[in-house]
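> Here it is, the structure in full.
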Amino acid sequence: MLRPDESAWPAGRRLMMLDPGVVQLNAGTLSPTPRPVFDAAVRLRRLQAESPTDFLARRTPVLIQRSRAALAGFLRVDPADLLLIPNVTFAVNVVAASVPLRPGDEILTSDHEYGAMVSCWKRRAAPAGARLRRIRLPYDAENPAAIVDAFRRAISPRTRVLFFSHVTSTTGLVLPAAALCALARRRGVMTVIDGAHAAGMVPLNLVEIGADFYGANAHKWFMAPAGCGFLHVRRERKPLLRSILTSWGWGYPRDRREKDSRAGGSHWQRDFEFHGVADRTPQMVLTEVLAFRRSLGGEAAIRRRVRALSDHARARLSRLGLAPATPENPALRGAMTAFEIPARLQKTLRDLLWKRHRIEAPVTSAAGKHYLRVSTAWFNTRAEIDRLAKALRPILGGR
């Protein structure tokens, strides 16, 4: 449990770039940045501004490889199979464009997927004569087996791709990713995971999860600056992937004697990452991000803190009559807790909380229901959650 004065965490909170007048309960969209990480990115951006050619040609490759190695260690993967890219949307689009589809093929997913990614797969499927099929996700199940069983029943001989979120953006449900990937592999189905919310929220060993393609953001729970994401590709799937842009990354000679640190990665990595002049400084400070996370006590300490805060949010808002839509089972939840709200509040609640109380908390929707999604990051406090509950009471009708 949290101590009443929360004395273990204020020092870390003071290092976060937080507006003191705002209750920030939406790190699930974009996390505030730790000041040491922000300062490191600013220093690099200044170097880039002062000597652009030197920074692009000589410094960038070394800094990118440094970050890649740090992130690969965190994810328990080989750096050679890891791409540093702007965000998970970029990652999923690259994969969708590369996956071979024929008439009658099926991409299987759920009714709780992020809308932009649903559009991505629909757009990919249509010209190929394939289709996107969405199943009802048992999002309120307390047993991971119920989720696996739902997909097991849905996979058909036409299924070519299983696409799902590791953590749903709608309710914060943590799906049993390793079990779903094992199921798909047994059925000869390719797996693509949208890990947008997973990095920094749940333990990640991508080798154990075993997805063919795993894309994620590092600028949410991991706390990197905006514009930092990654894509991990199972080694045997790498020849399948095709870059959606062609630039000098592909055009450079495939010189095996060329050192990766000087080139910024292998020919395969440069093809996907180097598309001319771009500001990649957010992707260069992952070593600083990891150092900051260690200064908080490490991953286990952060998860314990987040769990205690989410427990407090669940109890506090439940007393107002809001039903949690996120399971209680620790294996199925992380740092986001969703509460079902009346349909009448779907379009107004977020603005009411912001305009009247300067509380940032989004409203999400899936399968005909609407939710208030409360993101409890480690830097949040019990007092902020209590402030949310106090703000909600008159909006809900005085309950």
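> So what J values fall out for the range 284-293 if you push phi through Karplus, 6.51 cos²θ - 1.76 cosθ + 1.60 with θ = phi - 60°, rounded to Hz, Gly and Pro as x?
9, 10, 5, 4, 5, 4, 5, 5, 5, 5
> What is the diffusion coefficient of the range 1-80 in µm²/s, taking the Kirkwood radius over Cα pairs and the Stokes-Einstein relation at 20 °C with a viscosity of 1.002 mPa s?
Details: Rh = 15.9 Å.
Stokes-Einstein gives a translational diffusion coefficient of 135 µm²/s.
> Kindly write out, for the range 141-150 in residue order, the coupling ³J(HN,Hα) from the Karplus curve 6.51 cos²θ - 1.76 cosθ + 1.60 (θ = phi - 60°), rounded to whole Hz, with x marking Gly and Pro.
5, 9, 10, x, 4, 5, 6, 4, 4, 4
> Right, next: Just how many pairs of Lys in the chain have C-alpha atoms closer than 22 Å, counting pairs that are eight or more places apart or on different chains?
Number of lysine pairs found: 5.
> Given the range 129-201 reduced to its alpha-carbon atoms as identical point scatterers, what log10 I(q)/I(0) does the Debye formula return at q = 0.15 Å⁻¹?
Log-scaled intensity ratios, in q order: -0.49.
> Roughly how many nanometres apart are two label points built 7 Å out from the Cα toward the Cβ at residue 119 and residue 54?
4.3 nm
> Return the long-range amide H neighbours of residue 219 (sequence gap of 5 or more, or a different chain), with a cut-off of under 5 Å between placed amide H atoms.
For residue 219, whose amide H was placed from the backbone, the distant partners under 5 Å are 224, 228.
> Among the GluC sites (Glu not before Pro) in the range 99-186, which ones are in a DSSP loop with at most 16 other Cβ atoms within 10 Å of the Cβ? Mind listing them?
142
> Hey, another quick one. Taking the Cα atoms of the chain, report the difference between the largest and smallest coordinate on each principal axis, in whole Å and largest first.
Taking the Cα atoms of the chain, the three principal extents are 69, 55, 33 Å.
> Fewest to most neighbouring Cβ within 10 Å: what's the order for 347, 369, 220?
347, 369, 220
> Set Lys and Arg Cβ to +1 and Asp and Glu Cβ to -1, take the dipole of the chain about its Cα centre, and tell me which of 188, 243, 348 lies farthest positive.
348
> So what's the range 139-266 giving for Rg/Rh, alpha carbon basis, Kirkwood Rh from the mean inverse pair distance?
Ratio of gyration radius to Kirkwood radius for the range 139-266: 1.03.
> Could I ask something else about it? On a full-extension model of 0.36 nm per residue, what is the gain between residue 35 and residue 365, subtracting their alpha-carbon distance, rounded to one decimal in nm?
On the way: separation 330, 0.36 × 330 = 118.80 nm, distance 3.33 nm.
Stretched fully, the residue 35-residue 365 segment lengthens by 115.5 nm.
> Could you work out [θ]222 nm for the chain from helices alone, using -39500 (n - 2.57) per DSSP H run of at least four and dividing by all its residues? Round to the nearest 500 deg cm²/dmol.
One gets -11500 deg cm²/dmol as the mean residue ellipticity at 222 nm.
Quick note: the coordinates plus some simple rules give every number you see, no bench work behind them. None of the values given here were measured: they were computed from a predicted structure. We place every Cβ from the backbone using ideal geometry, glycine too, and count neighbours over all the protein chains shown.
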